[in-house]
Amino acid sequence: MRLIAATRNEHKLRELSQILTNAELIPLAPEVELPPEDGDTFKANALIKARAIHEASGEAALADDSGIAASALGGRPGVRSARFAGENATDEENLDLLISELRDSDDRHVAYVCALAHIAADGTETVVEAECEGTLILQPRGTRGFGYDPAFVPVDTGPDDQRTMAELSDSEKHAISHRGRAARKLADELGLGAAA
């Protein structure tokens, strides 16, 4: 199945390609401009992007919207995760700000959230969402992954495993990550194969 992916983020594209093994993901063409992500939820933003790609291309589209939610911050940064430290903030700047806001908190519980929206060539819409819970550490570790991964210790690896998402192998990460879980949910709904 050929899908136009509503992203130019090579990290997201690579992750989704590794998980959705029976789909051919085509990156967003440079000339296609996505509308502002002004939805209040990850699902709303994913649909905004998927609908724009479907309308522009007439082909099946796949869009992801994801981020991190901190309990102590009432769910922030949430849908503003990529812009937490400003419109053109780097991953490092966003992570530094989140660490600074949680530094003095007793509650460092965080959750990654991913919404995936698929629009078939005929316009049928499917949206799924999944989470991965974890703890934010104050000293980032690891060179794999991106975004908040170097400070995110997932719950699912167990209490004795304190590796961050940025220290896990691709297969370990995909097995428990918000994006991996959402992609497998979507694959089930669409009858596609997905990596475990």
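Points to keep in mind about this one:
- For the stretch 30-60, residues that are surrounded by fewer than 20 Cβ atoms within 10 Å (Cβ to Cβ), in a loop (DSSP other than H, G, I, E, B), touching a residue at least 40 places away in the same chain (Cβ under 8 Å) and not β-branched (Val, Ile, Thr) total 4.
- Residue, surrounded by the fewest Cβ atoms within 10 Å (Cβ to Cβ), within the stretch 14-29, restricted to residues that are farther than 21 Å from Ser57 by Cβ and polar (S, T, N, Q): Thr21
- Taking the stretch 103-137 as the range and being free of Cβ contacts under 8 Å to residues at least 60 places away in the same chain and in contact with a helix residue (DSSP H, G or I) (Cβ under 6 Å, 6 or more places away or on another chain) as the test, the residues that pass are Ser105, Asp107, Arg108, His109, Ala130, Glu131, Cys132, Glu133, Gly134, Ile137.
- Scanning the stretch 10-20 for residues being among the polar types (S, T, N, Q) and touching a helix residue (DSSP H, G or I) at 6+ places or on another chain (Cβ under 9 Å) gives a total of 1.
- Given (1) in a strand (DSSP E or B); (2) surrounded by fewer than 17 Cβ atoms within 10 Å (Cβ to Cβ); (3) of a type in the set (A, V, I, L, M, F, W, C), number of the condition Ala72 does not satisfy: (1)
Each value in this text was obtained by applying a stated rule to the coordinates, not by laboratory testing. None of the values given here were measured: they were computed from a predicted structure. Quick reminder, even Gly has a Cβ in these numbers, built from the backbone with ideal geometry, and neighbours come from all protein chains shown.
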